[in-house]
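Data first, discussion second: the structure below is written as structure tokens.
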Amino acid sequence: MMKKYILAGAMLAAGLASQAQNVNKLIDQKDVERIIATLSDDNMQGRAIFTPGIDKAAKFIEGEFTKIGLQPLAGESGFRQNIPMKRTIPGKTTVNINMSSVPSANAYAIANTSFSWSNDADVQVIKETADKNYQQDMRAIMMSGKKTLVLLDPAFETQFKAGRERAMNGNSRPGAQPIVFVLGKIDDNIRSFEVSCNIKSEDVPLFNVAGMIPGKSKPDEFVVFSGHYDHLGVKPGMKPDSIYNGADDDASGTTAVIELAKYYKKLNNNERTLIFVAFTGEESGGYGARHFTTTVNADKVVAMFNIEMIGKPSKWGQNSAFITGYERSDFGQILQKNLEGTDFKFYPDPYTKENLFYRSDNATLARLGVPAHTISTDQIDIDPDYHKVTDELKTLDVANITAAIRAIALSSRTIVSGKDTPTRVAKLER
């Protein structure tokens, strides 16, 4: 009996070694570098939404999907998944609190239409003091569906300026109520407030790039591989240059999506339907992922491999990555089981205070119960290039990117084949 177990183990090891060799052959490091170099090149102009740069990036991704031989998603005529979008640009936001005028530089609004408040009872006033969790509170405010006046402590000046800049460049939150942000010392007693803002709106193009490989025996069960191809664009006056190339964030993840599409198309043995999607607007509010979620039946999505920032070794070194929301399903356990006998290891997210599980494009499907997780290697707590103009290809380890893509390919095989089905994530109630 022991000999049989040893023989079976040897056969499994041999099978894994053969598959690993195939992965290494089909996912080539030079090709990985070619793709990420193209996406993060200066001529892509930082891939900001509503710019020629992101259109150029989309055309490149479409070209790769065409060469691979993917099919458009059901109901689509091509690889672009167009998103109905109005870009709203706020004019001057006028704010008076306790009969005192707030400097225009210390206030901005996010809204779809012009509005005016005068002590309106349906406006919630939120005081964001220095001791509060800004990221967590802002997500709650955005999801509340209420008109909101947010009074920010000066400790959040950096976040305020970043938000104001995004608002001035245009936002779109269809159906959402206005939110007004005011920076300054917070008075404990808000006796009165008056707020007004004029909003301009225009129709603008916005689109994901998505393709698929239909499943053989389980075509109505979907496995999604995703990353976002947008970034922060060009901001004059920055140093050493003005282009936010977004090499790691998230040209590295988009590169993974393209390479995985190529890999699985060559294998041509997927039992479940595989969807490969490059999302837009992640940096501006997750518009692409939110739209995609409305086009698929979440109950039929078996798993989502969202890939973001795999360009540098993780805190555990080479051949490692972490999975956000690891404890929310057995997705990570399945992946790690499929990597037994290799040097690569997936770990639970070590940055839980950052709430990364609900900060990336996996979140919209995860809220609906899909085991949708983000795979990353970034040491976000100490990364000197995160959301900086220095996030360029020269700061990345292409071998690390390649190793992560190969690990995802190898670890996803039993989900793709239909052998394993990850447990569902608990739905998030609003």
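Here the Karplus relation 6.51 cos²θ - 1.76 cosθ + 1.60, evaluated at θ = phi - 60°, turns the backbone of region 376-386 into coupling constants of 8, 10, 5, 8, 5, 6, 10, 5, x, 10, 4 Hz, with x for every Gly and Pro. List residues of region 77-111, by number, whose backbone nitrogen lies under 11 Å from a label position 7 Å along Cα→C-beta of Ser201. Residues 85-89, 111 fall inside that zone. Using 12 Å as the cut-off for backbone N distance, which residues of region 102-121 belong to the label zone defined by a point 7 Å from the Cα of Lys146 along Cα→Cβ? Residues 121 qualify, since their backbone N sits under 12 Å from the label point.
Can you tell which of Ala407, Thr254, Ala58 lies farthest toward the positive end of the dipole of the chain, using +1 and -1 charges on the Cβ of basic and acidic side chains (Lys, Arg; Asp, Glu)? Positive-most Cα among the choices belongs to Ala407. Once backbone amide H atoms are built at 1.01 Å from N, Tyr347 has Ala321, Phe322, Ile323 as its partners under 5 Å, excluding neighbours fewer than 5 places away on the same chain. Rounded to the nearest Hz, the phi-derived 3J(HN,Hα) couplings of region 408-413 under the Karplus curve 6.51 cos²θ - 1.76 cosθ + 1.60 (θ = phi - 60°) are 5, 4, 5, 7, 8, 4, where x marks glycine and proline. Considering only Val32, Asn269, Gly341, the residue lying farthest towards the positive end of the dipole of the chain is Asn269, judged by Cα position with unit charges set on Cβ. For Pro103, the shell of other residues with beta-carbons less than 14 Å away shows a net charge of +3, using +1 for Lys and Arg and -1 for Asp and Glu. Taking Cα centre as origin and charging only the Cβ of basic (Lys, Arg, +1) and acidic (Asp, Glu, -1) residues, the dipole magnitude of region 274-338 rounds to 140 debye.
Couplings 3J(HN,Hα) of region 268-280, computed from phi: 6, 9, 6, 7, 9, 6, 9, 10, 10, 9, 9, 7, 9 Hz, in residue order, whole Hz [Karplus 6.51 cos²θ - 1.76 cosθ + 1.60, θ = phi - 60°; x for Gly and Pro]. Spacing of the modelled spin labels on Ser77 and Ser104, each 7 Å from Cα toward Cβ, amounts to 4.4 nm.
Using 0.36 nm per residue, how much length does the chain from Lys25 to Asp299 gain when fully extended, once their Cα-Cα distance is taken away? Working shown, then result.
Details: separation 274, 0.36 × 274 = 98.64 nm, distance 3.46 nm.
The span from Lys25 to Asp299 would gain 95.2 nm if fully extended.
Extension gain for Lys161-Asp120 works out to 12.1 nm (0.36 nm per residue, less the C-alpha to C-alpha distance). All other residues whose Cβ lies under 14 angstrom from that of Arg328 are scored, Lys and Arg at +1 and Asp and Glu at -1, for a net of 0. At an R0 of 60 angstrom, the distance between the Cβ atoms of Ser242 and Ser217 translates into a FRET efficiency of 0.70.
Of Thr294, Thr414, Thr93, the residue with the greatest mean-square motion in the GNM of the chain, using alpha carbon springs below 10 Å, is Thr294. Magnitude of the charge dipole for the chain, about its Cα centre and with charges confined to Cβ atoms of Lys, Arg (+1) and Asp, Glu (-1), is about 960 debye.
For the chain, what is the mean residue ellipticity at 222 nm derived from helices alone (per DSSP H run of n ≥ 4: -39500 (n - 2.57); sum divided by total residues; nearest 500 deg cm²/dmol)? Show your work: numbers first, answer last.
On the way: 11 runs with 131 residues, N = 430.
After summing the helix terms and dividing by the residues of the chain, the value is -9500 deg cm²/dmol.
For the chain, the antiparallel share of DSSP beta bridges with both residues in that region comes to about 50%. For the cross-link pairs Lys337/Lys419; Lys92/Lys388; Lys30/Lys265; Lys147/Lys200, the ones whose C-alpha atoms lie over 21 Å apart are Lys92/Lys388.
Residues whose amide H falls under 5 Å from that of His228, counting only those 5 or more places apart or on a different chain, are Thr254, Phe279, with hydrogens built in the peptide plane.
Only the coordinates and a few stated rules stand behind these numbers; no lab work does. Source: prediction; values computed, not measured. Glycine also receives a Cβ, built like all others from the backbone with ideal geometry; neighbour counts cover every protein chain displayed.
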